[in-house]
Amino acid sequence: MGIKPNFNGRISRPQSLGGVFGGLLKIFGARASDADLAARWDEILGDDLSKIGKLVGVRKTKDKKINISIKPAFPAMSTELSYRVDEFRVCINKYFGYDAVGKIIIRK
């Protein structure tokens, strides 16, 4: 149907619980929260957007939205990053399946 789980493969280095559970939730089709966003940043945004901005922080608000802090990959890309903030918002909201993003903050 979807992704075939590979339970036989072992990873030689320790993993965080968020990474392990994020992988399990992906196998079963469920989405985790901000930990899953951080672990799958490149996959969610694609090569084009993930090369422009790197995830620095995620903060949940009282109204169940998330504020995301993004740092430009290179200082010269901060202007392009500010122009493409809406594309980041669309990709992240599409991944979560609802209007999850409250604010996107650009850090220098």
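Read the figures in this text as sums done on the coordinates, not as results from a lab. In this text the structure is predicted, and so the values were computed from the model without any measurement. Every residue, glycine as well, gets a Cβ built from its backbone with ideal geometry; the counts of neighbours run over all protein chains shown.
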TODO: For SER69 and LYS103, calculate 0.36 nm times their separation in residues minus their Cα-Cα distance, and state this gained length in nm to one decimal.
DONE: 11.4 nm
Open item on the list: Using a Cα-Cα cut-off of under 17 Å, which aspartates and glutamates could be cross-linked to LYS108, ignoring same-chain neighbours fewer than 8 residues away?
Closed with: GLU80
Task: Residue-by-residue Karplus 3J(HN,Hα) for the range 97-104, coefficients 6.51, -1.76, 1.60, Hz, glycine and proline x - done: x, 7, 6, 8, 8, x, 9, 10
Task: Cβ-based exposure ranking for TYR83, TYR95, in which fewest neighbours within 10 Å come first - done: TYR83, TYR95
